[in-house]
Amino acid sequence: MNEQLLNDDDVTLYGLLVEASARLKPLVHRDLGVPDTWFEVLLRLGRTPGHRLRMTDLAEAVSFSSGGFTRLADRMAKEGLIRRDPDPADRRAALAALTDKGAEALDRALTAHVRHLRSHVTGPLSSEDRRHLERILRTLRDANE
C-alpha cells in the first residue's frame, strides 16, 4: 500500500467531512415528524418563491432519480403535503407545490431541526468559524455543480 497516499492531507480532510456529516445527519433530523427525504422536499419548496418547483428540478435538488422522486412525490401527495400542478410554461411538465398541510408539517419539523442545528452544528462554532464554514461550503458546492 502507498503510505503517502493513505496519509495524504486531502484524504484526511475529505474523511473528516464525511465523518462529520455522517454523525450530524441523524442528530439534526431527529423528531421531525416526517421522514428525512420528505423534510428535504418540504424545505426546498418552503424556501422557493411561490413554494412551487418543477418536479425534475426538485428531484435534482434533493438528489433523487426522476423515477425515485415520482414515487416519493406520490406518497407525499397522498398524505396531502404537496400537490402536482400543471406547469404553465411547459404542458409536458408538472410543478410540485407545497400545500397548507405541507407548510404546517414543515413548520413543526423546522422547530426541531433548528433546535438540533443550534445544538450540534452551529453551537460548537464561533461566529467567525460559522462564516468561514459557510464560505467554504458554498465554494465547494459551486465548484462542483
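The values are calculated or read from the model by the stated rules, or taken from the named source; none is laboratory data. Here the structure is a predicted model, which is why all the values come from computation and not from measurement. As a convention, Cβ positions derive from the backbone with ideal geometry for all residues, glycine included, and neighbour counts pool all protein chains shown. Accessible surface areas use protein heavy atoms only, side chains included; no ligands, DNA or RNA. Shrake-Rupley method; radii C 1.70, N 1.55, O 1.52, S 1.80 Å.
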> If you line up the long axis of helix 9-28 against the longest principal axis of the chain, both from Cα atoms, how many degrees apart are they, to the nearest 10?
Replying inline: 40
>> Accessible area per residue for the range 32-143 in Å², computed with a 1.4 Å probe and the full protein assembly in place, what is it?
In response: 65
> Whole number please: convex hull volume per residue of the Cα set in the chain, in Å³?
Replying inline: 162
> Hey, can you rank 131-138, 65-72 by average C-beta count inside 10 Å, highest first?
Replying inline: 65-72, 131-138
> Taking only Cα atoms, what is the 0 to 90° angle, nearest 10, from helix 36-46's long axis to the longest principal axis of the chain?
Replying inline: 70
>> As I understand it, the value is the acute angle between the Cα axis of helix 100-120 and the longest principal axis of the Cα atoms of the chain; what does it come to in degrees, rounded to 10?
In response: 10
>> How high is the relative contact order of the range 1-91? Use alpha-carbon pairs under 8 Å, at least six apart in sequence, and give a whole percent.
In response: 16
> Looking at the range 1-102, which GluC sites (Glu not before Pro) are DSSP coil and have at most 15 other C-beta atoms within 10 Å of their C-beta?
Replying inline: E79
> In percent, what relative contact order does the range 32-143 have, based on Cα pairs under 8 Å that are 6 or more apart in sequence?
Replying inline: 28
> Roughly to the nearest percent, how much of the accessible area of the range 47-136 is carbon and sulfur, given a 1.4 Å probe?
Replying inline: 50
